[in-house]
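The values are calculated or read from the model by the stated rules, or taken from the named source; none is laboratory data. In this text, all values refer to a predicted model and were calculated from it rather than measured experimentally. Cβ sites come from the backbone with ideal geometry, for glycine too, and all protein chains shown count toward neighbours.
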Amino acid sequence: MKLLAATTNQGKIREISEILSGLGISVVTPQEINLTLDVKEDGATFAENAAVKARAWSRAAGLPAVADDSGLCVDALEGRPGVLSARFSGPDATDGKNIALLLKLLKGKPDRSARFVCAAALAWETGEVIVTEGVYEGVIIHEPRGSEGFGYDPVFLDPELNRTLAEMSPEEKNARSHRKKALDGLKALLVKSGRLDS
């Protein structure tokens, strides 16, 4: 089965490819088929955004496409940054600026519980789409640690391992992450539907 990874984020492409490898799934990137697409993400939920992206990329490529929308939800910030995680610090947002704003807003707040949420959507050229969700519980630490990963990984601590996602190897992160849980859900639905061998 050939699937398009419906993203230009190299970190996400790497994670999607690694998580879906060895299942008879061949992951194709937009660069490999010379496709560029700018999909407006204005949904109120991760699931809505993932489905819109997957459908748009699938239609454009003529291939089934897997897209995800994920973000950080912080309890003390009433679930923010949520669907705005990538653009949290404004139109010129970078990972560094987003982390700096997050830590500033959390200063002095005792509750630092948070979770990464990922909605993964798989769309076919017909417009049919399936969506699953994965959640990764953790805590926001006071300053960044580690050099792996991307996004908020340096400040998101896994309490069980007492390490941030940026202190884990890609293999360790992929074994536990919200994206892994969401993609595992997609795989289970594909197997159940007979579209993918178990």
Of all residues in the range 78-88, how many are on the phi > 0 side of the Ramachandran plot and part of a helix (DSSP H, G or I)? 1
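Restrict the check to the range 90-100 and report whether at least one residue is polar (S, T, N, Q), out of contact with any strand residue (DSSP E or B) (no Cβ under 6 Å at 6 or more places or on another chain) and surrounded by 15 or more Cβ atoms within 10 Å (Cβ to Cβ).
yes
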Kindly indicate whether any position in the range 95-116 is touching a Ser or Thr at 6+ places or on another chain (Cβ under 8 Å), under 26 Å from residue 52 (Cα atoms) and not aliphatic (A, V, I, L, M). yes
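Do any strands (runs of 3 or more DSSP E) lying entirely in the range 89-198 carry at least 2 residues that are under 20 Å from the mean Cα position of the chain (by Cα) and closer than 18 Å to residue 27 by Cα, and which ones are they? Walk me through it before giving the result.
Values: elements: 113-123, 129-140, 156-158.
Counting at least 2 such residues, we get 113-123, 129-140.
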Whether any residue in the range 48-71 is closer than 28 Å to residue 115 by Cβ, surrounded by fewer than 16 Cβ atoms within 10 Å (Cβ to Cβ) and touching a strand residue (DSSP E or B) at 6+ places or on another chain (Cβ under 8 Å) is what I want to check. no
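Looking only at the range 14-43, which residues are small (Gly, Ala, Ser) and either over 16 Å from the mean Cα position of the chain (by Cα) or in a helix (DSSP H, G or I) (or both)?
Step one: list which residues in the range 14-43 are small (Gly, Ala, Ser), which gives 17, 21-22, 24, 26, 43.
Those that are small (Gly, Ala, Ser) and either over 16 Å from the mean Cα position of the chain (by Cα) or in a helix (DSSP H, G or I) (or both): 17, 21, 22, 24, 26.
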Give the residues of the range 27-44 that are at pLDDT 85 or above, more than 14 Å from residue 67 (Cβ to Cβ) and not hydrophobic (A, V, I, L, M, F, W, C), sorted by residue number. 31, 32, 34, 36
Check off (1) loosely packed, with under 15 Cβ neighbours inside 10 Å; (2) without any contact (Cβ under 8 Å) to a residue 24 or more places away in the chain; (3) touching a strand residue (DSSP E or B) at 6+ places or on another chain (Cβ under 6 Å) for residue 160 and give me the number that stays unchecked. (3)
Residues in the range 72-93 that are in contact (Cβ under 8 Å) with a residue 24 or more places away in the chain, over 15 Å from residue 44 (Cβ atoms) and touching a helix residue (DSSP H, G or I) at 6+ places or on another chain (Cβ under 9 Å): how many? 5
Matching residues in the range 163-179 (buried (at least 20 other Cβ atoms within 10 Å of the Cβ) and of a type in the set (Lys, Arg)) number 2
